[in-house]
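To start, the structure under review is shown below, and the notes come after it.
The values are calculated or read from the model by the stated rules, or taken from the named source; none is laboratory data. Worth saying up front: this structure is predicted, and the values here are computed from it rather than measured. Note that each Cβ is placed from the backbone with ideal geometry, even for glycine, and that neighbours are counted across all protein chains shown.
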Amino acid sequence: SDSKSKDDDDNNNNNNNNEITGDFVSKETTSLARSYLKANGSMKFLDRYLPGTASAEDILNLIQLLGYKPKELPRMDNENALMYLIKFLQKAMNKVLTMRVRLPDFDTIEALVDSINNASNIVVLTGAGISTSLGIPDFRSSKGFYAKLSYLGLEDPQEVFDLSYFREDPAIFYSIAHMILPPEHAFTPLHGFIRLLQDKGKLLRNYTQNIDNLESNVGIDADKLIQCHGSFATATCITCGFKVPGETIFKEIRAQEVPICPWCKTKRFKLLKEIELEEDLNGSASAWKTMFSKSFGVMKPDITFFGEALPERFHTSIKKDISECDLLICIGTSLKVAPVSEIVNMIPEEVPQVLINKDLVGHCEFDLSLLGYCDQVIVYLSEKLGWKINHKDFEKIAKSDLKCTAVEEKVGIYEITSSNYNEEELNEKSDIIGEIEEKEEE
């Protein structure tokens, strides 16, 4: 725009309108654009980054520059495309305006090592990526759990964790639950690192989105652990509320059978018999009997399904922990499910935030991102700290020729690799561009 000032040009490091295309988006250019928007507001941002008469393609390029993209791209010649993209751009700007700004002097592994050494209230937020080395699939990757469920014919694979679907037919969930059932007594080097933080008096809290309960296997204290989405540790009858240790129903889960509550078993048998007799006599049974007959007396693992509230302890703890946290480390998560994903925006801006993950998380502003397999990254970091993780694979990984390579050094992005692992698999990176979730869970 002709009205932009020299100061605007200087602040933006020569990112003129002609350079704003999806092909040139990097984490550095995205961070610069986000910083400019937060510092100058929406009007000056749009004036700086858009031509006087913006096309749909101009709007799309600006959305991508901010680090987002629509799930479904409209055709640029569609008359509704411009209005759709304008609304989406507004959502993207609103997201950025509520987002933290990266710390200017926290972009090296050395800075992280110093921070860990000096910290006493580290919050660790973990996701499925920390358990994949044990054969437990993650959920959202191209080879993850949801990708394996296409044969079920569901409109959305997340429906297997929808409470209403479970009540209608629990057999759907129990046909796939064995795929995510945790191995007994196992944990990864990454879990061992969290235990090490606890033992050294540095762990404030581990907020895990995982349902595998491996944190208990490694010995994370109950008061240090928040299982945001519940776990397989216990199971409850959805009819009478009878609760049992989770392993009580593991045999049925592995056999892909529906586990039944011992206290409701007789009533369930009687109900199903009544329905069968009514159908034989009348051609159909009473609606009130059949509505949830399949789930009557069924045991459900105490994992949080869509449609269920998060544990109250999550809400009470996070309010206290965000004010005490002196370092946030997010590990093995794409941060796409609210409200857990919002923790990064709740922590005070002056607190360093670090990502350890196979892929970048483009919709967040981490000060330091260490990319690679979680176990390899954490062993590399542990050696930099002079620590040894109590895990049988620690020495093996430590001796696997771990290397750190700068990806985008100016914005603190590095990759940890090992010569002992498939290079092609290591180089499978997701786009830095994130998504604005249309549907966030309560």
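Tabulated results
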read-out: Hey, L335 at pLDDT 90 or above, touching a His at 6+ places or on another chain (Cβ under 8 Å), closer than 26 Å to L204 by Cβ and surrounded by 13 or more Cβ atoms within 10 Å (Cβ to Cβ) or not; value: yes
read-out: Strands (runs of 3 or more DSSP E) contained in segment 203-268 and holding at least 2 residues among the hydrophobic types (A, V, I, L, M, F, W, C) and at pLDDT 95 or above; value: 203-208, 225-227, 230-237
read-out: Breaking point among (1) hydroxyl-bearing (S, T, Y); (2) buried (at least 18 other Cβ atoms within 10 Å of the Cβ); (3) touching a helix residue (DSSP H, G or I) at 6+ places or on another chain (Cβ under 8 Å), for S115; value: (3)
read-out: Condition met for P182 (in contact with a Gly (Cβ under 7 Å, 6 or more places away or on another chain) and at pLDDT below 90); value: no
read-out: Residue within segment 384-401 that is touching a strand residue (DSSP E or B) at 6+ places or on another chain (Cβ under 7 Å) and either among the acidic types (D, E) or modelled with pLDDT of 95 or more (or both) present; value: yes
read-out: Residues satisfying the stated conditions in segment 277-309, i.e. at pLDDT 80 or above, surrounded by 15 or more Cβ atoms within 10 Å (Cβ to Cβ), out of contact with any Ser or Thr (no Cβ under 6 Å at 6 or more places or on another chain) and part of a loop (DSSP other than H, G, I, E, B); value: T304, F305, E308
read-out: Total residues in segment 87-117, condition without any contact (Cβ under 8 Å) to a residue 12 or more places away in the chain and either touching a Leu at 6+ places or on another chain (Cβ under 8 Å) or within 27 Å of E215 (Cβ to Cβ) (or both); value: 1
read-out: In segment 310-335, the residues that are under 13 Å from H229 (Cα atoms), part of a helix (DSSP H, G or I) and in contact with a strand residue (DSSP E or B) (Cβ under 9 Å, 6 or more places away or on another chain); value: R313, F314
read-out: Qualifying positions in segment 343-365 - of a type in the set (V, I, T) and over 18 Å from D114 (Cβ atoms); value: I343, V344, I347, V361
read-out: Count of residues meeting criterion [more than 17 Å from F139 (Cβ to Cβ) and not in a loop (DSSP other than H, G, I, E, B)] in segment 167-189; value: 6
